[in-house]
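One structure below.
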Amino acid sequence: MALPTDYDSRLKSMSALRIFRRESPVNVLGPGIRAVIWVQGCPFGCPFCIVPESWDAQGGQEVTVTELADWAIAQPVEGLTLSGGEPMAQAEALSELIEQVRGRRDCGIVCYTGHTYEQLVAHGSVAQVRLLKRIDLLIDGLYIARHHANLLWRGSTNQRLICLTDRYRDLVESLTAESDCSAGVEFFRDDRGAVAFAGVPGDPDFRAEFTAQMARFGISFDMEMR
């Protein structure tokens, strides 16, 4: 059975990506210090998703692959994390992005997806399999609220840390053996005073509680593209 991919023709361009947000440096979405790109558009719409603003395929902002590659290369980070949204819905453009970045510097790639690794291998499109081959650490599976847990870089017990290369294998094995718990969240504030966050909270009610706390202090909580 075909996977729900490329569900909107506007997400198919190889020369541009529709993104929800980008941030650097980030310490809580993969090994070391990272640049993070959240793509826009998700066909899954998991209940209690922490960033439902990223679902709409028509939202966010279109940015050229070259601009994003230049931005990623300029960051003083270990690697690049791809989140969303659903990265596999823009697999062709993300493969091009990785190739441009790696053509100019060594860069580890972490990628989130609502698909399972087995689904992608057996039923993924050519573009998705191509992207899979460029990823060092895949974090797979839908977020399932009833299985929420305090886990490293993932939100529910069905989600897995799958090392597709040796780049992070020893580190992941060491970290999960010592203490497989959330790396926490980081907060960012822009010149408009809006606050956003990155990370996978251990608390399932984090977003609602955080938004309420910010409102008490008159601070807007903005997860829109900035």
> So how strong a dipole does the chain carry about its Cα centre when Lys and Arg Cβ are +1 and Asp and Glu Cβ are -1, to the nearest 20 debye?
Replying inline: 180
> Amide H of residue 51: which non-local residues (sequence gap of 5 or more, or other chain) have their own amide H closer than 5 Å, using H built in the peptide plane?
Replying inline: none
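Using a 10 Å cut-off on Cβ atoms, rank the peptides 80-87, 103-110 from the highest mean neighbour count down.
Sorting 80-87, 103-110 by mean packing, highest first, produces 80-87, 103-110.
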> Along the charge dipole of segment 9-183, Cβ charges K/R +1 and D/E -1, which of 81, 171, 124 sits furthest on the positive end?
Replying inline: 124
> Summing +1 for each Lys or Arg and -1 for each Asp or Glu, what net charge is found among the other residues whose Cβ lies under 12 Å from the Cβ of residue 166?
Replying inline: -1
> So what J values fall out for segment 30-39 if you push phi through Karplus, 6.51 cos²θ - 1.76 cosθ + 1.60 with θ = phi - 60°, rounded to Hz, Gly and Pro as x?
Replying inline: x, x, x, 8, 9, 8, 10, 10, 9, 6
>> Check which residues have an amide H placed less than 5 Å from residue 39's amide H, if you skip close sequence neighbours.
In response: 20, 83, 84
> Under the definition of Cα pairs under 8 Å and six or more residues apart, what whole-number percent is the relative contact order of the chain?
Replying inline: 19
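Coordinate-derived values only; no laboratory data. All values reported here derive from a predicted model rather than from experimental measurement. Here the Cβ is made from the backbone with ideal geometry for all residues, glycine too, and neighbour counts use every protein chain on show.
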